[in-house]
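S.K.: Sharing a structure with you now.
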Amino acid sequence: MDGTTIGLIAVGVVFGLDLFLLLGLVSLKAVHRRRMARHDTRRAGYVAVLSRHLAYEHHTDPIGADAGDDDAFIDAVIDLRNIVSGADIETLAGIVDRVGLARKQVARLRSRFPLGRRLRAAVSLAEIGDDSTAPVLIEHLDDREPEVRIQCARGLGRMRYTAAIDPILERLGKEQAWVRARFADTLVGFGAKATWPLIAYIRVNLGHDGNVGVIEAIRVLRTIGDRDAGPPLADVLRVSSDIEVKIAAIEALGSVGGPLAIGPLSESLQSPDWRLRAKAASSLGEIGDPEVGGDLARCLRDENWWVRRNSAAALASLLGGDRILIGALQGVDAYAADAAAEALADSGVLATARDRSETGMADEQDRILLAYVDGREEVPA
Amino acid sequence: MPEAKRVLVADDSETVTTLLVTALELEGYQVDTALNGVEAYEKGISGDFDLVILDQLMPGLLGLEIIERWQTEGRPMRVIMLSGVDDDRTVVHSLDLGAVDFVRKPFRLPELMARIRQRLLS
């Protein structure tokens, strides 16, 4: 055989293989489409039967015993659960119970099926499980598959099954970042019921495992927004030496700390770490107590741009803060003046001053601000 | 025997339309459906409905836009808005435009049916 013949054979083999793979792919897609079409037809049938049960309480159309194992039935139930409420949900729960859906999905979750089927079971239980299935979901918070663990946590959060809070918290420090974030979302769903378990978790785990779980727990407390978390978070800010923990605590104190957080946050304005000073300034602005105006005014002269910027923005949100910022425009410190001007522009004070100036209603403060911003050589004293 | 009242159910979710059609037909109403905004608008113009149950968020045209167009073309309809949008401005805007009621999803089916019966009586 010469080289040309070998080359032609090679091209033919490659072409044949490509064709084979292409046909395989097309066939697989066709099979999948047919399967989905059958699924949709069955699902529509189940929606119709379930609708009759909802519309007429004495309706007796049978629902096959195998429905509890059919993804189309589960989808129909989930769809209907999302559009009805009250007694209709109980009617659906009764039907779900009669076909043994939860029992069958639990068996599927515990099986050695590949991830797809087990994940589907976890999603089903997360959507329609009740207190009776909660222990199984808790058990699978340790599942080998992260997607299954996430669905189990989500289901427990949906049920607001408070006994699940501690097991979910236990996972926080052990999970990868993306799973941890999803677990944290679940904890937010428990609301104030999760506050004290979260605080207990933070106290026990502070300083362990790189504080990753602690930082996430502090963020959850911030999102929940329960004021009870303020004093314990102030303690965390005081005792922890981890900058990331301190930053999370400062941010949370701005949201949930209230007046009790002003002391610890004002102390953080003196921190040698600029990140803490900058975050503390923002949090003090969020609390909004005019008493901290003096402390924030001093931070307008901070060596770090972020601290100056955040302090000016915080002052702009305080009652009487505008006056302090206008004062900074007249000072000798150019850094403070720039930060003040930027904050006054961001907060809308500059736009108001311009409007008033155009209508001849500008007051002394407006004139000082406009003179500074427009770059006049001399700012009126 | 009086002629059955005609109701148009317009919602892009087939689950919602199936549920409402089932419940309405059970009570003896004659029901038609639309699965998008444009179809709802056209059926409203061409049909003679006693009541329209109209979803706010539909592909093609929003529920509020459909009501406005019907009014512009001199075909005001008796509409119950149905929406998963929990937004007071949408509720107020719908009622200002002449919707006779506004029901939020998820809804209680018996309560929605009672509202429909009441609107068809009045």
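The values are calculated or read from the model by the stated rules, or taken from the named source; none is laboratory data. Values in this document were obtained by computation on a predicted structure and should not be read as measured data. Note that we place each Cβ from the backbone using ideal geometry, even for glycine, and neighbour counts take in every protein chain shown.
S.K.: Looking for something under 40 Å from the mean Cα position of the chain (by Cα), under 30 Å from B:E27 (Cα atoms), of a type outside the set (A, V, I, L, M) and outside any helix (DSSP H, G or I) - is there at least one such residue anywhere in region A:38-51?
M.R.: No, region A:38-51 contains no residue that is under 40 Å from the mean Cα position of the chain (by Cα), under 30 Å from B:E27 (Cα atoms), of a type outside the set (A, V, I, L, M) and outside any helix (DSSP H, G or I).
S.K.: Taking the conditions exactly as written (surrounded by 14 or more Cβ atoms within 10 Å (Cβ to Cβ) and facing chain B (nearest Cβ under 10 Å)), does A:S51 satisfy them or not?
M.R.: yes
S.K.: A further question on this structure: Give all pairs with beta carbons closer than 6 Å in which a residue from region A:79-103 that is within 14 Å of chain B (Cβ to nearest Cβ) meets a residue that is of a type in the set (S, T, N, Q) and part of a helix (DSSP H, G or I); count only pairs at least 6 apart in sequence or on separate chains.
M.R.: These pairs meet every condition: A:D79/B:T15.
S.K.: Shifting gears a bit: One residue is enough: does region B:77-85 have a residue meeting the conditions at pLDDT 95 or above, closer than 29 Å to A:V77 by Cβ and within 14 Å of chain A (Cβ to nearest Cβ)?
M.R.: No, the conditions are met nowhere in region B:77-85.
S.K.: Okay, moving on. Taking the residues in region A:148-188 that are under 27 Å from A:R112 (Cβ atoms) and assigned to a loop (DSSP other than H, G, I, E, B) as candidates, determine which candidate is modelled with the highest pLDDT.
M.R.: So, considering only residues that are under 27 Å from A:R112 (Cβ atoms) and assigned to a loop (DSSP other than H, G, I, E, B), the one modelled with the highest pLDDT is A:Y161.
S.K.: Out of B:V103, B:V92, I need the residue that is part of a strand (DSSP E or B) and free of Cβ contacts under 8 Å to residues at least 60 places away in the same chain. Which one? Even if it seems obvious, please write down each step before you answer.
M.R.: Numbers: B:V92 fails: part of a strand (DSSP E or B).
Going through B:V103, B:V92 in turn, the sole match is B:V103.
S.K.: Residue pairs, Cβ under 6 Å, 6 or more apart or interchain, first in region B:1-29 and at the interface with chain A (Cβ under 8 Å from one of its Cβ atoms), second charged (D, E, K, R). List them.
M.R.: Final answer for the pair search is B:T15/A:D79; B:T22/A:R52.
S.K.: Out of A:V188, A:V123, I need the residue that is more than 22 Å from A:A102 (Cβ to Cβ) and among the β-branched types (V, I, T). Which one?
M.R.: Being more than 22 Å from A:A102 (Cβ to Cβ) and among the β-branched types (V, I, T) holds for just one of A:V188, A:V123, which is A:V188.
S.K.: Something else now. Are any residues in region B:10-38 more than 13 Å from the chain's Cα centre (by Cα) and not in a loop (DSSP other than H, G, I, E, B), and if so, which ones?
M.R.: B:E14, B:T15, B:T18, B:L19, B:T22, B:A23, B:E25, B:L26, B:Q30, B:V38
S.K.: Of the residues B:R104, B:R69, which single one is within 26 Å of A:L54 (Cβ to Cβ) and either touching a helix residue (DSSP H, G or I) at 6+ places or on another chain (Cβ under 9 Å) or within 14 Å of chain A (Cβ to nearest Cβ) (or both)?
M.R.: It is B:R104.
S.K.: Could you list, in sequence order, all residues of region B:39-63 that are part of a loop (DSSP other than H, G, I, E, B) and out of contact with any helix residue (DSSP H, G or I) (no Cβ under 7 Å at 6 or more places or on another chain)?
M.R.: If we filter region B:39-63 for residues that are part of a loop (DSSP other than H, G, I, E, B), which is where we start, we get B:47-50, B:56-62.
Once the filter is applied, which keeps residues that are part of a loop (DSSP other than H, G, I, E, B) and out of contact with any helix residue (DSSP H, G or I) (no Cβ under 7 Å at 6 or more places or on another chain), region B:39-63 yields B:G47, B:D48, B:F49, B:L57.
S.K.: Can you tell which of A:V245, A:V292 is surrounded by 20 or more Cβ atoms within 10 Å (Cβ to Cβ), in a helix (DSSP H, G or I), modelled with pLDDT under 95 and not aromatic (F, W, Y)?
M.R.: On the way: A:V245 fails: modelled with pLDDT under 95.
Result of the check over A:V245, A:V292: A:V292.
S.K.: Report whether or not A:D66 is more than 36 Å from the chain's Cα centre (by Cα) and surrounded by fewer than 22 Cβ atoms within 10 Å (Cβ to Cβ).
M.R.: Taking the combined requirement at face value, the residue satisfies it.
S.K.: Within region A:60-78, take every residue that is within 12 Å of chain B (Cβ to nearest Cβ) and part of a helix (DSSP H, G or I) and give me the one that is farthest from B:L112 (Cα to Cα).
M.R.: A:D75
S.K.: B:R117 fails exactly one of the following numbered conditions: (1) of a type in the set (K, R); (2) within 14 Å of another protein chain (Cβ to nearest Cβ); (3) outside any helix (DSSP H, G or I). What is the number of that condition?
M.R.: It fails just one condition, (3).
S.K.: Return the total of residues in region A:313-334 being within 20 Å of A:E364 (Cβ to Cβ), part of a helix (DSSP H, G or I) and among the aliphatic types (A, V, I, L, M).
M.R.: 7
S.K.: Do we find that B:R75 is part of a helix (DSSP H, G or I) and either in contact with a Gly (Cβ under 7 Å, 6 or more places away or on another chain) or basic (K, R) (or both) in this structure? Let's see the steps before the verdict.
M.R.: Details: part of a helix (DSSP H, G or I): no; either in contact with a Gly (Cβ under 7 Å, 6 or more places away or on another chain) or basic (K, R) (or both): yes.
In short, no.
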